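Structure, as structure tokens:
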Protein chains: 2
Amino acid sequence: MQTDAVVFDAYGTLFDVRSVQQETEQRFPGHGDAITGTWRRKQLEYTWLRSLMNRYKPFSGVTRDALVYAIKSRGLAPEESQIDDLMSAYLRLTAFPEARQALEQLAGRQRAILTNGDLPLIEPAVKAAGLNDVLDAILTVDTIRIYKPNPQAYALVTEHLGVDAQRVLFVSSNPFDVVGATQFGFRVAWIKRAGGQMDELDAKPAHTVETLTELLSLVD
Amino acid sequence: MQTDAVVFDAYGTLFDVRSVQQETEQRFPGHGDAITGTWRRKQLEYTWLRSLMNRYKPFSGVTRDALVYAIKSRGLAPEESQIDDLMSAYLRLTAFPEARQALEQLAGRQRAILTNGDLPLIEPAVKAAGLNDVLDAILTVDTIRIYKPNPQAYALVTEHLGVDAQRVLFVSSNPFDVVGATQFGFRVAWIKRAGGQMDELDAKPAHTVETLTELLSLVD
């Protein structure tokens, strides 16, 4: 089956969400690792819980709330300026080193991001990483106000890119996203980064690779 | 405002989900604490993810899947018989020591459980803990096939007990459940057990107590 579009998750897949760890450690010495881990876990939990409660809030707000939770979980009282500083670090997350080359290799097909992130959060990160010219579209769930893995999120791809689901290669390092995209009908490549473990949700990815540059061998 | 019904979450609120830790440790020496923690975290995640994906599976199945994930996360290969043994331990979870007395004290109002658990999972636990005669109803989301904190789950209470939301005292130790019930319109008491931290989801409980026996002072 021909591949008309390759669609990437952003956070954890193209961008290293752990890259804020160093700045977190600087502000909260001895707590950087724990805060960063809880921050990410709660960020995802809050997207799921808000979707289930029909209480949408854009990803930038959810990310801020999750950071407040994570700092408090270490027994610390976050100051507004510390939160502001770390949130601005989120606007310039480091892209994984092979991201640009992988996107360049896939030229000739539509290349897009499908992200939970609202545009004020994702656009600066894409620009800071210099990925604008190797992407054809940035699709965000912010336009429909419900988060992945709801099927409506994945439908943004077929609607906006005008492609059939089975001709999309969807790429994510996040197990819940791999499962949601697979169940929607995409062919999915799981980027299995260190420590990755697939969820037990009755769906397995079509492909498992370790780096983004391996994707080229999966498209014809 | 008069209280017509007091409605309890089951797992973590009336029943101690950590009580399976000892049996887990016996089967997987050195891993009991880690497996039990991951088991519970994934159990909840899977309820949220399945609800968002419109892929409902009863709580007993989700609990089993989460246990498989948790064992694998320690680098171990679970055997079917080990899973079966630990799942049957879930049918006789220990009730918190003050649970029965607290329910007795609240006689005269409707006393019910609203749980994610399907009846094959929750009924044996209620029976094993000897709580049948101090409960008027067990309501389960299994009848509507979507998990808490979706508003439809909380609507089971008003529909089945025939009470107004504002005349319900809802009791849970789980922050996400406290938030969901508060946003639905219940008056909520958060049982803040050791290590409990409220989520940053723009809703706070009306009451925070440490034990179930404190509830009596909250009803008139």
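The values are calculated or read from the model by the stated rules, or taken from the named source; none is laboratory data. Just so it is clear, the structure is predicted and the values come from calculations on it, not from any experiment. Positions of Cβ are backbone-derived with ideal geometry, glycine not excepted, and every protein chain shown enters the neighbour counts. Note: areas computed on protein heavy atoms with side chains; ligands, DNA, RNA excluded. Shrake-Rupley method; radii C 1.70, N 1.55, O 1.52, S 1.80 Å.
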Among the residues that make up segment A:59-81, is at least one of them within 16 Å of the chain's Cα centre (by Cα), outside any helix (DSSP H, G or I) and within 14 Å of chain B (Cβ to nearest Cβ)? no
Any idea which of (1) farther than 19 Å from residue A:17 by Cβ; (2) of a type in the set (S, T, N, Q); (3) in contact with a Gly (Cβ under 7 Å, 6 or more places away or on another chain) is the one residue A:158 doesn't satisfy? (3)
Checking residue B:97 against (1) open to solvent by 50 Å² or more (accessible area, probe 1.4 Å); (2) in a loop (DSSP other than H, G, I, E, B); (3) within 12 Å of another protein chain (Cβ to nearest Cβ), which single condition isn't satisfied? (3)
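Looking for something closer than 18 Å to residue B:202 by Cα, within 14 Å of chain B (Cβ to nearest Cβ) and among the polar types (S, T, N, Q) - is there at least one such residue anywhere in segment A:29-39?
No, segment A:29-39 has no match at all.
Residue-wise test of (1) within 14 Å of chain B (Cβ to nearest Cβ); (2) assigned to a helix (DSSP H, G or I).
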{"position": "A:126", "(1), (2)": "no, yes"}
{"position": "A:145", "(1), (2)": "yes, no"}
{"position": "A:155", "(1), (2)": "yes, yes"}
{"position": "A:169", "(1), (2)": "no, no"}
{"position": "A:177", "(1), (2)": "yes, yes"}
{"position": "A:183", "(1), (2)": "yes, yes"}
{"position": "A:199", "(1), (2)": "yes, no"}
{"position": "A:205", "(1), (2)": "no, no"}
{"position": "A:208", "(1), (2)": "no, no"}
Looking at B:200, B:210, which one is surrounded by fewer than 16 Cβ atoms within 10 Å (Cβ to Cβ) and not hydroxyl-bearing (Ser, Thr, Tyr)? B:210
So which pairs qualify, if the first residue must be in segment B:103-127 and more than 30 Å from residue B:56 (Cβ to Cβ) and open to solvent by 10 Å² or more (accessible area, probe 1.4 Å), the second must be of a type in the set (Gly, Ala, Ser) and at pLDDT 95 or above, the Cβ gap must be under 8 Å, and the two must be at least 6 apart or on different chains? B:109/B:5
In segment A:36-62, anything of a type in the set (S, T, N, Q), open to solvent by less than 30 Å² (accessible area, probe 1.4 Å) and out of contact with any strand residue (DSSP E or B) (no Cβ under 9 Å at 6 or more places or on another chain) is listed as A:36, A:38, A:47, A:51
Breaking point among (1) outside the structural domain of residue A:212 (by TED's automatic domain parsing); (2) over 18 Å from residue A:32 (Cα atoms); (3) among the hydroxyl-bearing types (Ser, Thr, Tyr), for residue A:172: (1)
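Do we find that residue B:220 is acidic (Asp, Glu) and out of contact with any Ser or Thr (no Cβ under 8 Å at 6 or more places or on another chain) in this structure?
no
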Evaluate the following for residue A:107: is it part of a loop (DSSP other than H, G, I, E, B), modelled with pLDDT of 95 or more and more than 16 Å from the chain's Cα centre (by Cα)? yes
